[in-house]
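The structure appears below as structure tokens.
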Amino acid sequence: MGMISNNLQQVRAQIAQACTDCGRNANEVTLLAVSKTFGPEAVREAYAAGQRSFGENYIQEGEEKIASLQDLGDLVWHMIGPIQSNKTRVIAENFAWAHSVDRLKTAQRLSAQRPPHLPALQVCIQVNIDGGVNKSGVPPQDAQALAKEVAQLPHLQLRGIMVIPEPTIDLIAAAEIFQRARSLFDIISAQHAGVDTLSMGMSADLPAAIAQGSTMVRVGTAIFGKRSP
Ligand SMILES: *Cc1c(COP(=O)(O)O)cnc(C)c1O
């Protein structure tokens with residue numbers, strides 16, 4: 001068995017264990033494989049091991065990878081990196097999801113540029129949940145207003161929120177931040193039909209994120225290995 005399929009099995013087992021530990025069902029958590037910086041062959045290996053959802057951070061890299069993997073047919077591509085408003089068209093035309101929408105202008109462009117023959121672009125609002133400086137994401141107090149605007153755009157489907165807390169070794173502080181994201185998610189999901197996604201947790205912190213209600217973990221390193229800088 002190749003390294004990637006072996007890693008995938010381990011990550012799936014880790015998700016299942018984290019779910020068991022907090023009394024959740026493992027099928028409530030979707031694994032998003034973050035393939036940024038890795039080539040199409042790595043995606044093919046993960047695909048062969050049953051993985052279908054993949055996350056990319058960089059527009060041009062993502063566009064090229066998606067084009068070279070067209071033959072696989074049922075891949076689901078998620079944009080998870082910062083979105084510059086002059087790069088929205090590539091996302092609207094190539095991706096199924098965007099997790100990193102943090103401005104109305106970006107959302108409006110994505111909606112206007114979504115090709116009519118494609119289903120609505122599935123959108124999460126990125127929230128700067130721990131107030132980190134120089135960080136992407138809408139401030140928590142503005143998230144509900146942005147969600148309301150996004151929900152009204154015709155070619156977008158509001159699905160939830162995405163957070164990237166600062167890495168910390170303080171487990172209690174980390175849990176508290178995840179809990180804050182969960183509370184905000186609960187509020188927004190009560191306000192909008194179809195909101196079911198709390199995108200939170202990465203290789204280093206996925207058990208803690210799952211314990212606080214994550215429904216989608218974004219895992220790169222633990223599946224594909226260390227990224228070269
Ligand atoms: C790179 C990245 C990940 C994956 O991080 P790992 O630590 O490699 O699992 C998840 N989410 C976002 C937004 C990322 O940019």
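For the modelled label position 7 Å from the Cα of MET1 along Cα-to-Cβ, which residues of region 29-52 have backbone nitrogen atoms closer than 17 Å? It comes to 45-52, nothing else. Solvent-accessible area of the chain (1.4 angstrom probe, protein heavy atoms only): carbon and sulfur portion equals 52 percent.
Expected output is a single nm value to one decimal: the length gained when fully extending between ARG227 and ALA48, i.e. 0.36 nm times separation in residues minus the C-alpha distance. What is it? Walk me through the numbers on the way to the answer.
Values: separation 179, 0.36 × 179 = 64.44 nm, distance 2.13 nm.
Stretched out fully, the ARG227 to ALA48 stretch lengthens by 62.3 nm.
Restriction of the trypsin sites (Lys or Arg not before Pro) in region 1-110 to DSSP coil positions whose beta-carbon has at most 12 other beta-carbons within 10 angstrom yields no sites.
Taking Cβ atoms as reference points and 13 Å as the exclusive limit, the residues near LYS105 contribute a net charge of +1, counting Lys and Arg as +1 and Asp and Glu as -1.
Applied to region 171-188, the Karplus parametrisation 6.51 cos²θ - 1.76 cosθ + 1.60 on θ = phi - 60° returns per-residue 3J(HN,Hα) values of 5, 5, 5, 4, 4, 5, 5, 4, 5, 4, 5, 4, 5, 5, 4, 4, 5, 5 Hz, with x for Gly and Pro.
Would you mind getting the accessible area per residue of region 1-137, heavy atoms of the protein chains only, 1.4 Å probe, in Å²? Mind dumping the intermediate values first?
Values: 6280 Å² over 137 residues.
Here the per-residue accessible area is 46 Å².
So how much slack lies between GLN60 and GLU28, counting 0.36 nm per residue of separation and subtracting their Cα-Cα distance, in nm? Please list the in-between numbers first.
Working: separation 32, 0.36 × 32 = 11.52 nm, distance 3.15 nm.
Between GLN60 and GLU28, full extension yields an extra 8.4 nm.
The values are calculated or read from the model by the stated rules, or taken from the named source; none is laboratory data. All values derive from a computational prediction rather than experimental measurement. Every residue, glycine among them, receives a Cβ derived from its backbone with ideal geometry; neighbour counts consider all protein chains shown. We work out accessible area using only protein heavy atoms, side chains counted, and drop any ligands, DNA or RNA first. Shrake-Rupley method; radii C 1.70, N 1.55, O 1.52, S 1.80 Å.
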